[in-house]
């Protein structure tokens, strides 16, 4: 009986080695042990892509202050003003630092990978892309596409 069990176990191991299932399992185990990129890595790449887009318009100091005030007041939102996530993202614009910059994207297609026109503001803090806020869009039956609820906030 013990010989039969031993032969079966050896046969299973042999088949696994022959078909590569042990190699696959080993690769899966080693892959899960490897270090993962820092948290927010994808978000930083998304913002960096927006920063290099040719449709960027750097706002003047007065425009920057006006845009930040309107974003802080959630004027870029039509229906989601109660969303805690969207409110938290807008808070970054409520307390601008001296060297912060804000870029405006006006109906920018493929800004950050999307294929729909995006209108929004990109906050640069410490020379790094920090936050992007989209102006919410509503469907337009005449144009058959989404249209921002406001043209601009500055």
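What the table below lists for this structure:
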read-out	value
Residue in segment 62-77 that is at pLDDT below 85, within 27 Å of residue 145 (Cα to Cα) and part of a helix (DSSP H, G or I) present	no
Selection from segment 78-94 of residues that are loosely packed, with under 14 Cβ neighbours inside 10 Å and closer than 25 Å to residue 63 by Cβ	80, 88, 91, 94
Test for residue 138: is it part of a helix (DSSP H, G or I) and surrounded by fewer than 18 Cβ atoms within 10 Å (Cβ to Cβ)	no
Qualifying residue in segment 96-105 (condition: loosely packed, with under 11 Cβ neighbours inside 10 Å and part of a strand (DSSP E or B))	no
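The values are calculated or read from the model by the stated rules, or taken from the named source; none is laboratory data. What you are looking at is a predicted structure, and each value in this text was computed from that prediction instead of being measured. Cβ atoms come from the backbone with ideal geometry, glycine included; neighbour counts cover every protein chain shown.
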